[in-house]
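Here's the structure we're looking at; comments come further down.
The values are calculated or read from the model by the stated rules, or taken from the named source; none is laboratory data. For clarity, every value in this text was computed on a predicted model and none was experimentally measured. Cβ sites come from the backbone with ideal geometry, for glycine too, and all protein chains shown count toward neighbours.
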Amino acid sequence: MEAKAIKRYIQSSPTKMRLVVDLIRGKSVNEALNILHFSPKHASKVVEMTLRSAVSNLSNKVESGRVEEKDLIVKTVFVDGGPVLKRMLPAPQGRAYRVRKRSNHLTIVVAQKEQA
């Protein structure tokens, strides 16, 4: 069984978010939470909250309502680009430079480990 959580319109560039997401792809949920908790990057806090939400969604889906974090893995994680806010920055000699404030959408899918 699997569940997913989506966090949309995060005010960070997709490139910066992908650096954090690549650290946890395919790992167990316990290990991923430890990596995210001790990562110094700002994006790791957002990813950690979304991962906890995905685990909570899975526990709501299961009939018994109880899932062990050690029995879960991060199956899929991906970051898509969101809308870009275009702003202007004053520049020398009456010109203006365009500033692109990027955003992104984060999707995390967690699943139970296969019992062999």
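Give just the number: which of (1) surrounded by 17 or more Cβ atoms within 10 Å (Cβ to Cβ); (2) in contact with a strand residue (DSSP E or B) (Cβ under 6 Å, 6 or more places away or on another chain); (3) modelled with pLDDT under 95 does V67 not satisfy? Failed condition: (2).
Please work out which one of (1) surrounded by fewer than 12 Cβ atoms within 10 Å (Cβ to Cβ); (2) over 14 Å from A54 (Cβ atoms); (3) more than 13 Å from the chain's Cα centre (by Cα) is the condition M1 fails and give its number. All conditions pass for M1, except number (2). In the stretch 75-84, what count of residues is obtained for those that are in a strand (DSSP E or B) and either more than 23 Å from the chain's Cα centre (by Cα) or farther than 28 Å from S28 by Cβ (or both)? Residues that pass the stated criteria total 1. Among the residues in the stretch 59-74, are any free of Cβ contacts under 8 Å to residues at least 12 places away in the same chain, farther than 19 Å from I6 by Cα and of a type in the set (A, V, I, L, M)? The answer is no; no qualifying residue exists. If we scan the stretch 85-108, do we find a residue that is without any contact (Cβ under 8 Å) to a residue 60 or more places away in the chain, out of contact with any helix residue (DSSP H, G or I) (no Cβ under 6 Å at 6 or more places or on another chain), part of a helix (DSSP H, G or I) and surrounded by 10 or more Cβ atoms within 10 Å (Cβ to Cβ)? No, the stretch 85-108 contains no residue that is without any contact (Cβ under 8 Å) to a residue 60 or more places away in the chain, out of contact with any helix residue (DSSP H, G or I) (no Cβ under 6 Å at 6 or more places or on another chain), part of a helix (DSSP H, G or I) and surrounded by 10 or more Cβ atoms within 10 Å (Cβ to Cβ). Being in contact with an Asp or Glu (Cβ under 6 Å, 6 or more places away or on another chain) and either within 18 Å of I73 (Cβ to Cβ) or in contact (Cβ under 8 Å) with a residue 24 or more places away in the chain (or both) is a description that does not apply to N34.
For every residue, the table says whether it meets (1) in contact (Cβ under 8 Å) with a residue 60 or more places away in the chain; (2) in a helix (DSSP H, G or I); (3) crowded, with 17+ Cβ neighbours inside 10 Å; (4) of a type in the set (S, T, N, Q).
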{"position": "A5", "(1), (2), (3), (4)": "yes, no, yes, no"}
{"position": "K16", "(1), (2), (3), (4)": "no, yes, no, no"}
{"position": "S44", "(1), (2), (3), (4)": "no, yes, yes, yes"}
{"position": "L51", "(1), (2), (3), (4)": "no, yes, yes, no"}
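Looking for something part of a helix (DSSP H, G or I) and within 17 Å of the chain's Cα centre (by Cα) - is there at least one such residue anywhere in the stretch 57-74? Yes, the stretch 57-74 contains at least one residue that is part of a helix (DSSP H, G or I) and within 17 Å of the chain's Cα centre (by Cα).
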